[in-house]
1. Heavy atoms of the protein only, probe of 1.4 Å, neighbouring chains included. What is the accessible area of PHE102 in Å², nearest 10?
2. Keeping all protein chains in place and using 1.4 angstrom, which order do SER84, SER27 fall into by accessible surface area, from largest down?
3. Under 8 Å for C-alpha pairs, at least 6 residues apart: give me the relative contact order for region 31-93, rounded to a whole percent.
4. Roll a 1.4 Å probe over the protein chains and send me the accessible area per residue for region 24-115 in Å².
5. Per residue Cα convex hull volume for the chain, in cubic angstrom?
6. For the chain, calculate the relative contact order in percent as a whole number, restricting contacts to Cα pairs under 8 Å that are 6 or more residues apart.
7. Quick check: at a probe of 1.4 Å, how many percent of the accessible area of the chain sits on carbon and sulfur atoms?
8. Among LYS43, LYS75, LYS64, whose mean-square fluctuation peaks in a Gaussian network model of the chain (Cα, cutoff 10 Å)?
Amino acid sequence: QVQLVESGGGLVQAGESLRLSCAASTSIFDFNTMGWYRQAPGKQRELVASFVSVADTNYADSVKGRFSISRDSAKNTIYLQMNSLKPEDTAVYYCNVRNRLFTWWGQGTQVTVSS
């Protein structure tokens, strides 16, 4: 069973930055895809960023140019660097990893951006 522990959320003002971390209990090389999703109150969970390889990353249009997904294989950790945060980025952010058979989710971390 894979465990994912997220950290780094918090309350910031618009224009500021945060870096979310997701520490996996196993080697991240076990996963085909890693990503971050978010869910705002009253809205569906949406993909924010995904990582297949350094050359294969994808971002939601709303965060392109502001957010960046990366990994540190030595630490089995996935990161989401969020710059120029906006109030509409307020949501619970979830780490997600998957292989060909299974998908795992983190517990979520709250990000609140005040105007």
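1. Number for this one is 120 Å².
2. Putting SER84, SER27 in descending order of accessible area: SER84, SER27.
3. Contact order relative to length: 30 percent.
4. 54
5. Once divided by residue count, the hull of the chain is 98 Å³.
6. The normalised contact order for the chain reaches 36 percent.
7. So the carbon and sulfur contribution to the accessible surface is 47 percent.
8. Looking only at LYS43, LYS75, LYS64, the largest GNM fluctuation is found for LYS43.
The values are calculated or read from the model by the stated rules, or taken from the named source; none is laboratory data. Here the structure is a predicted model, which means the values were calculated and not measured. Just so you know, the surface numbers come from the protein's heavy atoms only, side chains and all, with ligands and any DNA or RNA stripped out. Shrake-Rupley method; radii C 1.70, N 1.55, O 1.52, S 1.80 Å.
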